[in-house]
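I have placed the structure first, in the form of structure tokens, so that the comments after it can refer back to it.
The values are calculated or read from the model by the stated rules, or taken from the named source; none is laboratory data. This structure is a prediction, so every number in the text was calculated from the model and none was measured. We place every Cβ from the backbone using ideal geometry, glycine too, and count neighbours over all the protein chains shown. What goes into the accessible areas is simple: the full protein's heavy atoms, side chains included, and nothing from ligands, DNA or RNA. Shrake-Rupley method; radii C 1.70, N 1.55, O 1.52, S 1.80 Å.
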Amino acid sequence: MADSAKSSNRFYLTTPIYYVNARPHLGHAYSTIVCDAVARRKRALGIDTWFLTGTDEHGQKIERSARLAGRTPQEFATAISAEFRGLWDRLGLTYDDYIRTTEPRHKRGVQHLFATLRERGYIYKGSYTGQYCVSDEAWVDGPPGTICPDCGRPTETVSEENYFFKLSAFERKLLEFYETNPGFIGPESTRREVISFVRSGLKDLSVSRTSFTWGIPVPGDEKHVIYVWLDALANYITALGYGSDAPEDKARFAKFWPADMHLIGKEISRFHCVYWPAFLMAAGVEPPRSVRANGWLLFDQGKMSKSKGNIVRAETVMEILGADALRYFLLREIPFGQDGNFSFDALVQRYNGDLANGYGNLVSRVVNMVHKYFGGVVPESGAPTPAESALRASAEKTIAEFGPAFDELNFSDALKSLWALVAETDGYLTANAPWKKPAERSDEDHQALQARVLSTAAEAIRIITALAYPILPDATAKVWHQMGQGSLAEAAGQSFLTRLAWGGLKPGTKFNEPAPLFPRAEKDAVERMQNLEDQNNKSAVEAASQGEAVSPNPATASPSVAPTTSTDKQDARASEVLTPTTAVNPGQAAATAPVHAAPAGQASPRLSTSPVSAPPSEPAAQPHPNTAAPAEPVQGSAAPQEQHITIDDFAKVDLRVAQILVAERVPKADKLLRLEVDLGYEKRQILAGIAQYYEPEKLIGRKIVIVANLAPRKMRGLESNGMLLAASLPPDGAPVLAGFLEEVPLGARLK
Ligand code: ME8
């Protein structure tokens, strides 16, 4: 470890850098607020602090999200990164640096790191076939179709020439490192998980990709881009200047590295506690001193996340209750390291109980009484009675307990003990009732009591305020000013917490005018927050349904779907045919032939033996009566001879609008694509025999029509849940996917 003087006088802390695939929500705010609170306390303790946050902008996931939004990855990343930064600024977060992984300083550092790893013999070239989870940007063990164990989404099969990092060489070194640095990982549950992961054996790690381009090129072999996690993790050093020869960069790196604390969410501990120290050891750079994992913020029973659609925005809470209320709630309510529920009801309850009626009310009572009885000037307190001595002892105990609990990130206990002091001060005031003069008490005695009680209560408030500053920076700054203590920001810059002791409030100090801190939240606060979220969700859905696509899309240029008139179950089935494969059974018109005015007579070939053939339980494909008709050009083709069905027959077919999220080839099945589609209300996997006609990458983001209530079936060991609709073009039945000219919401039913 570095020299101890360096370690005690400076503190480098980081948040994860957030993906720019979606806008920030409370989960992101939680980690960033935790870091901000820690950074504020460290600075107020006179520690030279560097607080880094930023955005993670490369990789397949961002590339796809940008495509869905119809923007270039760079434009898209810039817009979302600005949203994160803007939110942090509105929340008043005091980061010292904000890194974006698309910045030249980062690219230079990452390439330097990669080149160093290669020079030192830890990177070699190989080929890789395996499963990849795009959402987590992580490799997953298992066969095609494996579900990602972390996020539950289907993985994709990747078969590429890759560079590999010799992670296997670090198994023993990492275990030794954890052993000799017991404080490296926290909390204990995360430490145990990480150790058992490493003990179960480490395989070499693929650290480059070739199937897409949105990333940092491998130096000297530019068709590879560097694996997004190697790229992202490096931000912690590139932001300090790693890889630069400029003297100021070298100095900053020497001063702040190794990081004192990487604060992360628990789901990314493997990357931070295994890969990251291994990369650094391999590069000859000291590993960070600690990684601390926060638990998950849950909402409506699940981890708050964009993909689950159960997010709450920090802006909503800020607008109704203020940023301090949010900070207090998150740090007080959730024991750090554990998962915790977020609810508007609980938030308002805490706000009213602890902030409005608790701290806020206490301050207002005391400041008002100092104004009322002493013209706003702190009186001499006189000799303490046992009551004052007891309050002083409690305050001193709180000072002693609060710091260590806070520094262990045990914010909840730290705040609990601080608010016990709020309650005790309140009780002390009530017990001594300086506003009430019993008839038998002389004026002189009463004034002495008022002076003693108010100056003692004010001193307790000063202590509470100083300690609460990192968590309630806005409110405490107001109180500090009201109590004539000047600027709290300035005091924090002058390490005021190092001098915090009972007796700092001097008699004669002039208080400023009282001002409200935490006005009581009215009954409708919960409803107002819910409405704000609902409105936001509504506009997000509208924006999403307008902000799609992307690559030239022949299907969306097709006439919009009209209710079909001539289809039956077999015809609907036949649209799987959309998936022409080898064994052609000319005979089935695509179910949607009318949709795209496809030539009914040129039915798309139906495979009887292909992976898309109907399961045995289905009626065998019947040659369509029209099959015999001569081939006609697409437009104005001879009308298919109609087999009438009733409206009830038609109503049995559940046709829905879906959007393609993932499209990939199925190994060893030339004609088959595996699609993951979003119906708005659920996501599912569909296999379609369109691989010869559509590049998977180009399908991503397209809105299509599917038969949603088709019985699931297995093909090549993968389950297909539904069927795509398309026109089938002559001469070989090439499919053209059905689509829309107008914007349509996901899940909309065609009828
Ligand atoms: O993982 N509860 O970025 P990300 C608590 N780019 N914390 C939450 C949360 C929740 N519900 N949701 C998000 C990435 N977070 C990578 C990181 S670092 C080199 C690269 C917080 O946008 C938590 O800190 O998915 C989590 O680890 C992080 O946001 C994930 O953000």
Long-range tail of P(r) for region 659-731 (Cα pairs > 16 Å, %): 44
Loop-located GluC sites (Glu not before Pro) in region 654-750 whose Cβ has at most 10 other Cβ within 10 Å (DSSP): 742
Net charge contributed by nearby residues that have their C-beta within less than 10 Å of residue 437 (K/R +1, D/E -1): -1
Modelled label reach - residue 371, point 7 Å along Cα→Cβ, region 450-483 residues with backbone N closer than 12 Å: 482-483
Hits among aspartates and glutamates - C-alpha to C-alpha of residue 42 under 17 Å, sequence gap 8 or more where chains match: 96, 97, 260, 401, 407, 408, 490
Local electrostatic count, residue 305, Cβ distance below 14 Å [Lys/Arg +1, Asp/Glu -1]: +4
For region 375-464, alpha-carbon Rg relative to the globular expectation (2.2 N^0.38 Å, N residues): 1.24
Around residue 380: net Lys/Arg minus Asp/Glu count, Cβ-Cβ under 11 Å: +2
Pairwise centroid distance, computed over Cα atoms, of region 197-226 with region 285-359, Å: 35
Label-point separation, residue 499 to residue 646 (7 Å along Cα→Cβ), nm: 9.0
For region 64-209, radius of gyration divided by Kirkwood radius, i.e. Rg to Rh on alpha-carbons: 1.00
Reachable aspartates and glutamates from residue 523, criterion Cα separation under 18 angstrom, eight or more residues apart if same chain: 319, 345, 354, 533
Three-way shape call for region 255-397 based on the alpha-carbon gyration tensor, with the a/c threshold at 1.5: oblate
Linear extension gain, residue 90 paired with residue 127, 0.36 nm per residue minus alpha-carbon span: 8.7 nm
DSSP bridge orientation in region 171-329 - percent antiparallel, rounded to nearest 5: 50
Kirkwood Rh and Cα Rg combined as Rg over Rh, evaluated for region 229-325: 1.10
Cα centroid separation - region 696-731 against region 452-484, whole Å: 64
Under 20 Å from residue 714, Cα to Cα: lysines that are on another chain or at least 8 residues apart: 569, 668, 671, 683
Cα shape, region 1-135, gyration tensor, a/c 1.5 rule: oblate
Average Cα contact separation per residue, region 131-286, under 8 Å, 6 or more apart, as relative contact order %: 18
In nm, spacing of pseudo-spin labels at residue 527 and residue 751 (7 Å Cα→C-beta vector): 3.3
FRET efficiency estimate (nearest 0.05) - Cβ-Cβ, residue 79 to residue 196, R0 30 angstrom: 0.15
Accessible surface, 1.4 Å probe, highest first, among residues 136, 150, 48: 150, 48, 136
Two-site label geometry, residue 695 and residue 248: point separation in nm, points 7 Å out along Cα→Cβ: 4.3
Between region 162-178 and region 74-88, the Cα center-to-center distance that results, in Å: 35
